[in-house]
Amino acid sequence: MTTLLIKLFIKDYKNIKDENIRKKYGELGSFVGIGSNIVLFIIKFLIGVFINSVAIMADSFNNLSDSLSSIITLIGFKLGAKPADEEHPFGHGRMEYISGLVVSFIIMLIGFEFLKTSFFKIINPENISFSYLTIFILLITVMVKIWQALFNKKIGILINSHSLIATATDSRNDVIVTSVTILSLVIFKIFGLNLDGYLGLFVALFLMYSGFNLAKETLSPLLGEAIDNELAEKIKSIALSYDEVIGVHDILVHNYGPNKSMASLHVEVPNNIDINISHETIDLIEKRVQEELNIFLTIHMDPINIDDKRINIIVDTIKNVLNQYDEDLDTHDHRLVDGKNNINFIFDLVIPYNFSKEKETKLIRDIKNSVMNLDKRYKCIINIEKSFIK
């Protein structure tokens with residue numbers, strides 16, 4: 001069904017790197033969500049009124065909020081697809097994240113309103129009606145929601161859309177909520193227990209929780225996320241595939257919307273190679289990353305002395321110390337500066353965020369002592385950095 005809809009409404013559907021095709025995918029997902037959720041809202045709301053069930057009515061308004069979410073997602077796709085201009089040279093891709101944030105607040109607001117309704121329903125319970133027709137219709141809505149979840153997830157992964165993937169997760173949550181509602185009706189039929197208010201409370205809390213999680217997911221790229229380790233490794237592997245490159249560090253990626261990123265990194269090259277050759281290599285790396293990963297890359301070149309055997313001995317000594325602490329510890333930008341009385345060994349030390357200050361102090365002391373054991377004249381000058389990679 002999903003593949004059929006894609007082929008039916010999207011020409012050249014395989015060309016997902018094209019921004020216009022990606023926009024059409026988003027529009028298709030949004031329109032399907034709007035239509036199907038409005039139908040589900042009408043069905044559930046009428047059932048809820050008919051049998052006097054606040055849980056089903058709460059569930060119906062959850063579908064209405066999903067429809068509104070799809071409308072906002074549609075607006076986000078349209079605004080996000082606007083080309084770059086003088087005021088926004090990196091485009092408008094982050095509008096997708098903002099639309100997801102708006103959706104999350106709507107979900108939490110609706111959840112809060114039904115929290116109040118369910119609370120009063122618990123204090124003043126009312127009888128609910130049971131019918132097999134109601135159960136049958138709710139089971140159909142569960143099946144529709146399962147299809148919605150699979151549909152949005154497939155498209156969301158295909159075009160790398162956080163908003164559609166979040167919508168898929170919300171649809172999956174709806175499957176759970178409606179299933180609980182069905183369970184409450186079955187319990188009422190078999191045992192005569194009216195759990196409608198309590199389950200309505202559960203639905204409301206679940207809505208608020210889902211909205212809160214969605215807000216976190218959409219805020220994260222807006223605030224600036226650490227680069228994904230898999231992406232970092234891809235960038236590293238491209239850079240290190242060139243013989244002139246002996247090391248890569250300080251990878252930074254700035255996200256301006258799905259598939260719209262800028263990055264920078266430091267590339268270590270031998271200092272005895274002609275600078276024109278190194279510059280040509282850097283240009284090739286930047287071009288490959290742009291073509292293969294769709295990332296606009298800027299590279300800073302670090303000339304490294306590879307002929308000084310003292311540096312290699314010192315680095316090996318430091319690595320032995322690091323291995324005793326944490327495998328995520330790393331060093332780069334090693335420089336040895338000879339002085340009259342001291343020899344300064346200058347380098348950057350990358351420390352994980354979960355590294356305590358006490359542990360950091362002890363590590364630095366152990367590094368300095370280990371290096372001084374090689375030669376009393378060695379003085380370590382350490383620049384502490386935090387990793388930009390997850």
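A few comments on the model shown:
- Degrees between helix 275-293 axis and first principal axis of the chain (Cα, 0 to 90, nearest 10): 10 degrees
- Normalised contact order of region 2-223, rounded percent, pairs of Cα under 8 Å and 6 or more residues apart: 26 percent
- Helical runs assigned H by DSSP (4 residues or longer) give the chain a calculated mean residue ellipticity at 222 nm of -22000 deg cm²/dmol, each run adding -39500 (n - 2.57) before division by the residue total.
- Partners of residue 24 within straight-line reach, counting aspartates and glutamates whose Cα lies under 12 Å from its Cα and excluding those fewer than 8 residues away in the same chain: 12.
- Fraction of antiparallel bridges per DSSP, region 224-303 only, in percent to nearest 5: 45 percent
- Shown is the FRET efficiency for residue 237 and residue 312, computed with R0 = 25 Å from the Cβ-Cβ distance and rounded to the nearest 0.05: 0.60.
- Ranking 266, 120, 388 by Cα position along the charge dipole of the chain, where only Lys, Arg, Asp and Glu carry charges on their C-beta atoms, puts 120 farthest toward the positive end.
- Checking every one of the GluC sites (Glu not before Pro) in region 1-96 against DSSP loop status and a limit of 16 other Cβ atoms within 10 Å picks out 86, 87.
- Neighbours of residue 225, meaning other residues whose beta-carbon lies under 15 angstrom from its beta-carbon, give a summed charge of +1 when Lys and Arg score +1 and Asp and Glu score -1.
- Each Lys and Arg Cβ is given +1 and each Asp and Glu Cβ -1; about its Cα centre, the chain then shows a dipole of about 1260 debye.
- Most positive-pole-ward Cα, 106, 324, 163, against dipole of the chain from beta carbon charges: 106
- The chymotrypsin sites (Phe, Trp or Tyr not before Pro) found in region 258-349 include none that occupy coil by DSSP while having at most 11 further C-beta atoms within 10 Å.
- Sequence-separation-based contact order of region 308-390, relative, with Cα cut under 8 Å and 6+ spacing, percent: 32 percent
- Bridges between two residues of the chain, per DSSP, are antiparallel at a rate of about 40%.
- Net charge dipole size for region 1-150 [Lys, Arg +1 and Asp, Glu -1 on Cβ; Debye, nearest 20]: 360 debye
- Built amide H within the under 5 Å cut-off of residue 256, gap 5+: 261, 262
- As a length-normalised measure over Cα pairs under 8 Å and 6 or more apart, the relative contact order of the chain settles at 13 percent.
- Point-to-point label distance, residue 113-residue 382, nm (Cα→Cβ direction, 7 Å offset): 5.7 nm
- When both region 35-99 and region 162-187 are represented by their alpha-carbon centers, they are found 15 Å apart.
- The GluC sites (Glu not before Pro) of region 298-390 that meet both conditions, a loop assignment by DSSP and at most 16 other Cβ atoms within 10 Å of the site Cβ, are 327.
- What the Kirkwood sum gives for region 308-390 is a hydrodynamic radius of 13.1 Å, with every pair of different alpha carbons counted.
- Once the Cα atoms are used to define both axes, helix 229-240 deviates from the longest principal axis of the chain by about 30 degrees.
- Kirkwood hydrodynamic radius (C-alpha pairs) into Stokes-Einstein, region 224-303, 4 °C and 1.567 mPa s, D in µm²/s: 102 µm²/s
Here, each number is a calculation from the coordinates, and none is a lab measurement. None of these values were measured; they are calculated from a predicted model. Because the Cβ atoms are built from the backbone with ideal geometry, glycine has one as well, and the counts that use them run over all protein chains shown.
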